[in-house]
1. Would you point out the residue of the stretch 1-48, among those that are exposed (fewer than 10 other Cβ atoms within 10 Å of the Cβ) and part of a loop (DSSP other than H, G, I, E, B), that is modelled with the lowest pLDDT?
2. Of the numbered conditions (1) within 19 Å of residue 3 (Cα to Cα); (2) free of Cβ contacts under 8 Å to residues at least 40 places away in the same chain, residue 27 fails exactly one; give the number of that condition.
């Protein structure tokens, strides 16, 4: 879902593998997102965001 706007299939596959190395566990790849723990769901959201190759990624920014 995070790579929806991308067309480079080889690079998408490489990014998926790269993100799985940063945000384990890979054995949960086929598990339904709603059955993951809260922390695992947050890791999934971050991984999905990284698939879009953003320049910046903010998690809970503090606005003072």
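1. Per the criteria, the residue is 1.
2. Single failed check for residue 27: (1).
The values are calculated or read from the model by the stated rules, or taken from the named source; none is laboratory data. Note that this is a predicted model, so its numbers are computed, not measured. In this analysis, Cβ positions are derived from the backbone assuming ideal geometry, glycine residues included, and neighbour counts consider all displayed protein chains.
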